[in-house]
Every structure is written in structure tokens, then in C-alpha cells.
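Written below as C-alpha cells is the structure these notes are about.
The values are calculated or read from the model by the stated rules, or taken from the named source; none is laboratory data. Everything numeric in this text was worked out from a predicted model, so none of it was measured. Using ideal geometry, Cβ is built from the backbone for each residue, glycine included, and neighbour counts are taken over all protein chains shown. The accessibility values were calculated without ligands, DNA or RNA, using every heavy atom of the protein model including side chains. Shrake-Rupley method; radii C 1.70, N 1.55, O 1.52, S 1.80 Å.
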Amino acid sequence: MTITAEPAVETGGVLSPRYRALTVGMVALITLVAFESLAVATAMPTVAQALDGLSLYALAFGGPLASGVVAMVVSGTWSDLKGPTRPLWHGTAWFLAGLLIAGLAPSMEILVAGRIIQGFGSGLLTVALYVVVGQLYPARLRPRIFAAFATGWVVPSLVGPAIAGLIVEHTSWRLVFLAVPVIAVPAALVMRPGLARGSAYDVRQGKLWDKRALWAIAAAVGVGLLHYGGQQRGAVQLALLAIGLAGVIAFGPRLLPPGTFAFGRGLPSVIALRGLVAAAGFGAEVFLPLMLTRERGLSPALAGLVLTVSALSWSAASWYRGRPNQPFSHAVFLQAGMLAILLGIVTAALTLDPHVPVLVGILGWSLTGLGMGTVFPTLSVLVLEYSERDEQGANSSALQLSDSLSTATILAIGGSLFAALEPHSAMTAYLVAFGLPALLALLGVPAGRRTAIPSSR
């Protein structure tokens, strides 16, 4: 695999005059996408009640997740054919249009439509931002910008739900949707001068809506059915999960590089590891507050403190990975990160035993945050290093698709198993809920070594 040629070596960092506006604008957009995702999760119960749309509650989350899968593929192809500027601007426009439609929606049906449009925009712009980094930032700065992206996701996790709760409680839930465009528009405009430097991208011929787009639509339907089916019960749940899982298994691998599921050397293992780390971390995280409140008697606020601690450790690890002159190779950091995630999940699960202090679980889960903050930016750097210039879009798309497809699958399977087991044995249900993500993290430890390409090749 040929390593991507980088721009001419320049002095200065991501906030030097040459990159400052572009960096600030991109991180602001990432932060707004993250905030919106977390804020809507907080506000949606109130929204569903106000619009009398409880029957569409699951679709309000599954819809944007599915449309985002299609958008990631389209954005990757578009970026490789025409450059990342167009999909970035289109993605921003779709994202803002969806927010406005949802914020002004007179019914739950209209709100769901807005959410689907919004999800499509998010998928377009997030992939395009990766390609912007690959084309406009030299390799030495990419770890720093991806560390900044990670912080853009972590900070909203600390304050987003609380801010959304205050908005819903004291003003109107509509502001959760309508306030974001007020900040997003200036953030997008700030990037224009920096993006102009990439306008000389060589345009290639090709179809935007090719067979990969059709496969993406089929996989997206599978993701939507997994998400919706996971919130149903009985025979309907089993049927929807079976059809959804079949769709993801049949079409998802066609959107990823050959050798991904065999952990092929280099890029395939990078893509596979992104799926493992996302599914392991997020698959366990959804059950941790539930376990601490129901089994250990913590208040929701104290249970949420566990996630806050892990978010801080995630941010610290990402910051460190953005520093120059790292002492170890990428592969070593990836293995160490996956091991930290595994230890964090196991330690958190130990708090099922009432004799184990909750503090042990809190400190243990901070290891998971440390691992996530180590692995995520490292994989983002590697996917660009292992991509030719005209492959950056497709490979960045594959990286994020691996994340989305794996997370949706593990949440659907884990949630369904938990719902089936919990009435009979809560202990067994939680052990399965934590055991599946722990197994994925364990698989990720040797996979981290396979991300390195031998120097002889």
C-alpha cells in the first residue's frame, strides 16, 4: 500500500494563521453535530409527548442513523471524484435544513422527516471533513486535528444533556433544534478561506450514485430495522432483528475494503478495529448507568458522573496522542488502548457484586475512556496515511461505516438479549451485556498489531 503524499512541510500548528480559521470552523461543526446528537436524546421524550408521537419515537433515532449510512458512502465517492468541498457544503446545508424542519415541525411525522434529512447531512459532512484533513493538513498535524475532533465530541457529552435539559425545562424543546443553526452558519462561513486552498483538486469522472450507493441503501434499511426492532417485543422484534441483521451482514461488507473481516494487514485492520472499538465502548456504556442505578442504588446524577469521568480521560488521551514525538508506534498504542478498554469493561462489570465499591467501577470505566481516546484518533491518522489521494473519501467513509454498522448491530443484539434475560436473572443479563463488548475489545488487542504494514513491503 502506497502512503499518501503530504503537502509541503510547513511550520506552525493547527492554530497557526494558515490553518486557524479552518481548524476552528471544522471543530465547531463537529462539536455541533455531537451536541445535537446528545441534546436530542435528552429532549426526545418531551418532544414525543408534545407531538403525540410516541409510536414514532424509535424511528426518530433509527431514521437519521440509517440515512447517515447512505450519506457516508455518497460523501466518500463524491469527495474522491470532485473533492471534499461540495459534499461538505451540501452536508452542512442538509444538516441545517433538517434541524429547521424538526424545530418547526407541527407533527411527529414532520419531525422524523427532518431528523432523516439531518442525519443525511451529518453523514455527508463528517466524511468530507476527514478528506479535508487529508488534503489540506500535512501528516505531522493530522494527529492534532483529530485530537481536536475527539475533544469536539467529548465536551458535548459533558454539558450537552444538562444544557438540553435546562432548555426543555425552562423554554421550549424546539430551541434544541433551532439554536444550533445560529452557531453552525458562522462556523461554516469561517472555513471558506481555508477550503479555497483545496479548490485545485483534480476532478475525476465517475457516477455518484453507483452500486455502492445501492448497497448502502440496503445496509441502511438493515440498520434502521435493527434499531427499530430492538425497541419492540415478541415475534415482531425477532422478525425485524432477523431481517435487519441479514441486511447488514449481506451488504455491509461490500462497503468495506477487502480483507476487513479477516484483519488483513494495514488498512483492512484499521477499518475492522474502528468497528471493534466503537461497538465495545458504546455497547457497554449504554448498560453502565442502568446497572449503577438499578442494582447499586445510585442516583441518575451520580451514575452519570461515571460517564463524565470517562469523557475526561478520553479527552486527555486524545490530547496526548496529538502531541509530537510519540514514544511508541501506532500499533503499540492501539493494542494498549484496546487492552485499556477491555480492563475498563471488566472492572465496571465487577460492581455488579455489592461488595465491590462503586468507586472501583468509576475508576475502571475511566480506563475505557482512556482507551477510546487513544484508539480513535490513531485510527483516523492511519486511514489517511494508508490512502492514496483519490481514495481518501472512500476509505474515510469505510472507517465511519464500520463504526456505525458495528455499533448498531451490537446495541441491537445486546439490548435484545438483555431484555430477554433480565426478567429471569438480572445478573446473567448484565454479564451478557458487558461480556459481548468485552469479547470485542479482546479481539481488538491482536488486531491492533495487524494495522502496521511491514517495512519490507
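Annotations for the structure displayed:
- Matching residues in the stretch 229-260 - criterion: being open to solvent by less than 40 Å² (accessible area, probe 1.4 Å), touching a residue at least 40 places away in the same chain (Cβ under 8 Å), more than 17 Å from LEU214 (Cβ to Cβ) and touching a Phe, Trp or Tyr at 6+ places or on another chain (Cβ under 9 Å): GLY244
- Subset of the stretch 411-455 [modelled with pLDDT under 90, farther than 14 Å from GLY283 by Cα and under 25 Å from the mean Cα position of the chain (by Cα)]: ALA419, ALA452
- Selection status of VAL155, hydrophobic (A, V, I, L, M, F, W, C), in contact (Cβ under 8 Å) with a residue 40 or more places away in the chain and part of a helix (DSSP H, G or I): yes
- Subset of the stretch 375-406 (residues that are more than 15 Å from LEU256 (Cα to Cα), open to solvent by 20 Å² or more (accessible area, probe 1.4 Å) and part of a helix (DSSP H, G or I)): PHE376, GLU385, ARG389, ASP390
- Within the stretch 89-118, the set of residues being small (Gly, Ala, Ser), part of a helix (DSSP H, G or I) and either within 27 Å of ALA316 (Cβ to Cβ) or open to solvent by less than 10 Å² (accessible area, probe 1.4 Å) (or both) comprises GLY91, GLY98, ALA102, GLY103, GLY114.
- When residues of the stretch 333-343 are limited to those that are open to solvent by less than 20 Å² (accessible area, probe 1.4 Å) and touching a residue at least 40 places away in the same chain (Cβ under 8 Å), the one nearest to LEU305 (Cα to Cα): ILE341
- Residue in the stretch 134-144 that is within 30 Å of TYR57 (Cα to Cα) and either modelled with pLDDT of 90 or more or of a type in the set (Phe, Trp, Tyr) (or both) present: no
- First in the stretch 316-332 and within 14 Å of SER380 (Cα to Cα), second anywhere and part of a loop (DSSP other than H, G, I, E, B), Cβ under 6 Å, 6 or more apart: ALA331/THR451; ALA331/ALA452
- Condition check for ILE145: of a type in the set (A, V, I, L, M, F, W, C) and open to solvent by 30 Å² or more (accessible area, probe 1.4 Å): no
- Of the helices (runs of 4 or more DSSP H) lying entirely inside the stretch 229-298, those carrying at least 1 residues that are touching a Pro at 6+ places or on another chain (Cβ under 7 Å) and closer than 22 Å to GLY63 by Cα are 267-285.
- Only one entry of ALA150, ALA219 meets the criterion of being under 30 Å from LEU56 (Cβ atoms), assigned to a helix (DSSP H, G or I) and not aromatic (Phe, Trp, Tyr), and that entry is ALA219.
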